[in-house]
1. Taking K and R as +1 and D and E as -1, what net charge do the other residues with C-beta under 13 Å from the C-beta of residue B:47 add up to?
2. Please give the contour-minus-distance gain from residue A:205 to residue A:61: 0.36 nm per residue of separation, less the Cα-Cα distance, rounded to one decimal in nm.
3. Name the residues whose placed amide hydrogens come within less than 5 Å of the amide hydrogen of residue A:11, ignoring near sequence neighbours (fewer than 5 apart) on the same chain.
4. Could you list the trypsin sites (Lys or Arg not before Pro) in region B:242-273 that lie in coil according to DSSP, counting only those with at most 14 other Cβ atoms within 10 Å of their Cβ?
5. Can you give me the % of accessible surface on the protein assembly as shown that is carbon or sulfur? Probe 1.4 Å, all protein chains present, nothing else counted.
6. Residue by residue through B:27-38, how many Cβ atoms from other chains fall within 10 Å of the Cβ on average?
7. Over region B:191-337, what is the relative contact order in percent, taking alpha-carbon pairs closer than 8 angstrom and at least six residues apart?
8. Using a 1.4 Å probe on the heavy atoms of the protein chains only, list every residue of region B:62-97 that has 30 Å² or more less accessible area in the complete assembly than in its chain alone.
Amino acid sequence: MDIKTSENKIKSVLTTKGIIETKYIINAAGLHVDEISDMINAREYTIHPKKGSTIIFDKNISDLIKHNISIVNFPREEHYKGGGAITTLDGNIQWGPTILENYDKNDTSVSVNEIDKIFKSYSPIFDYFPKNSIINYFSGLRACTFTEDFIIKPSNKIEGFIHVAGIQSPGLTAAPAIAEMVIGILENIGVKLEKKPDFNPFNDKKKIFRYLNYEEKNEIIKKNPDYGEIICRCEQITKGEVIDAINSPISALNMDSIKRRTRVGMGRCQGGFCLPNIVKNIIEETGLKGEDILKNDEGSNLFIGKSKCLINDKK
Amino acid sequence: MIETDVTVIGGGPAGLASALKAAEKSNVLLLERGNELGGILPQCIHEGFGNFIFNKMLTGPEYAQYYINEIINSKIILKTNTTVLSIDPNKNIVATNSTDGIIRIKSKSIILAMGCRERTRSQILLPGTRPAGIYTAGTAQHLINIDGYMPGKNIIILGSGNVGLIMARRFSLEGANVIGVYEIMPNAGGLTRNIVQCLDDYNIPLFLSHTITNIVGEKRVEGVNVAKVDEYFKPILETERHIPCDCLILSIGLIPEIELCKNINIKIDNITKGIIVDNKMESSFPGIFACGNIVHVYDLVDDVTYSAEIAGKNAGNYIDFERGEIEEIKVIPGRNVSYVVPQIIKNKDCNTIKLYLRVIKEERNVNIILKDGNTPIFQKKERIVKPPEMLRINLSKQLIESISNNELNIDIRCVNE
Ligand SMILES: Cc1cc2nc3c(=O)[nH]c(=O)nc-3n(C[C@H](O)[C@H](O)[C@H](O)COP(=O)(O)OP(=O)(O)OC[C@H]3O[C@@H](n4cnc5c(N)ncnc54)[C@H](O)[C@@H]3O)c2cc1C
């Protein structure tokens, strides 16, 4: 929320969960890096978001392409890889993304024009793709600066403030390398970093029901019967996986976070069948009230209240 | 490994009736993924079920309960909370539940009765944001009637399919404000009786040739843009207007749930998107039968039950043997006919056959004409035909036996043509 400095040095950060005293800040706030820099008058760039929209197809047509196919437009637009028809790790084909200047940092809507644009560029090549197999479309915003390049460097105004800005595509791919660069910068400005000898970088591999063979499935159900109950029929996600996500150390308590952890609702029915079940699981595991369960952020309540609430209001 | 004569997948009205019929002669296993039987019926608490079979208007739960009681009193082996994971070409079924774990089933015949699912926003490429408050009509019905939650207060409904119309009334009864039902086609998608009883009686306006052009709202739905469409269903931009609302209900069609069939070579109808069946409700895969909304979306549950009883009877009688070449008559939709079920007549020595068909467009004073190849053999007058109202034709034994070509063509023509 705010940063305190004194004599051009970082002092503390004010957050919604209290004040943190610190000498160093790595500003990696994506779309909002410029606003964070503004807090201490250390802005050296402005973010102008570029929207990218993607169409996602049903898994049952993933055989339609064998390789990822990229579409390159000539003359080549700078700083744009071109997108393509790509099979995701989970087996859905996606078309996109597009690229479009979009001043609003919160606007991730997908417009008719965007959908049309994707069809115009992809349909001529992939005319055999069935349109009715589209299961969703999304858009995201790339955090572009006007130099159209990563800005990874210490602030020249405030000591201890490091910019990791303009991390547009391929920022995800570059993230491990960016991290090493930032460590180098920290060491240069005198931070002593020691490797923890017992640090284990590996997470225990989660058992994902749909990828197990029948023997393994049987074993996991015998250990935890909840793994025998399919909650999301389209993606074959079990009650066990949903409950694990709800009870994990960083607990997933709303629809979208459970969806991102487990894939429930990511299939062809888009949550029509499993939503009531997931609501029930959240209530059973946490004691939350149904009407308080969110889609994602504060204010995105799934329901306005219990049945009859409007009738009782009128009385 | 469970061995049985007939496995029924799905415990909705189609699964229940077919299981009961099959059980008259065979051992039957009935698998249902939900925790109760009845399929979609338990959430259909309105009346309108069973007019033909029970001669009275029952509610969904009442209609289902009749069959559920029969199942409980039968020798049928029932597994609820049990999801089928796969079916292979040897008719081996794998299913899972929390008490048995992975279950392997060997079955002489299979009845597919998995019903249908609702089309979502993405299938009609509805643009805009992705806030909370957008539900398909069936999900909204489940939320209100089974789970006890209100999805919203100021409601816009897109699509005038039957579930959407029923929900317009349901929302009104719950004290919500149903702003209107918007339908892209020039005619309503649901039964006339539902237009009258669910919209007219509650003063809910129906806007034909209209669609939604944008969804607005960051956290909850804050409104939608609607516009009139031209004859090519393209929105006319000058007519676009914003309507504030907090909930958007989609009633834009149902699709048969055929995904379990992906490993078996079963023929699918391009129009119904359901499984192609013959007059015994057998699919193109010998020994695999289908009934209910996985074949095509029926208007009335009574017809689902009738079709299921045919499937059940024949699955119960099914014997696996080399059948050689069987004479087939293709039933072919002609002028103003969208589709006909069954698509194939395979066995002439049967009693009557009921053909179900849907028209493409509304017409008045028409004849339904059946042609044996090119020769008319049957004609039936209808005062009015409409796409939402399914037509039924009963073919007598005599008529079926008289067919000499391998094509039965069906046309709908205006009387004076
Ligand atoms: C359509 C599209 C396609 C892309 N394709 C590719 C690709 O193919 N390959 C590739 O490598 N990259 C791709 N990218 C780019 C990649 O996603 C980004 O470069 C990457 O996510 C940037 O990482 P980041 O950590 O810098 O920022 P972000 O991922 O934006 O993370 C910033 C985080 O900071 C948080 N935050 C912001 N302000 C505050 C605050 N005040 N307090 C607390 N937290 C805050 C945000 O909530 C967010 O979680 C694509 C991006 C888009 C939009």
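The values are calculated or read from the model by the stated rules, or taken from the named source; none is laboratory data. Just so you know, these numbers come straight off a predicted model, no measurement behind them. Glycine also receives a Cβ, built like all others from the backbone with ideal geometry; neighbour counts cover every protein chain displayed. Ligands, DNA and RNA are excluded from the accessible area calculation, which covers all protein heavy atoms including side chains. Shrake-Rupley method; radii C 1.70, N 1.55, O 1.52, S 1.80 Å.
1. +3
2. On the way: separation 144, 0.36 × 144 = 51.84 nm, distance 2.85 nm.
Gain on extension, residue A:205 to residue A:61, equals 49.0 nm.
3. Long-range HN contacts for residue A:11: A:4, A:5, A:6.
4. Details: sites: B:262, B:267, B:273; in loops: B:267, B:273.
Within region B:242-273, the qualifying trypsin sites (Lys or Arg not before Pro) (loop, at most 14 other Cβ atoms within 10 Å) are B:267.
5. C and S fraction of accessible area: 51 percent.
6. Neighbouring Cβ atoms belonging to other protein chains average 1 per residue here.
7. With pairs under 8 Å counted, the relative contact order is 12 percent.
8. Flagged in region B:62-97: B:81, B:83, B:85, B:96.
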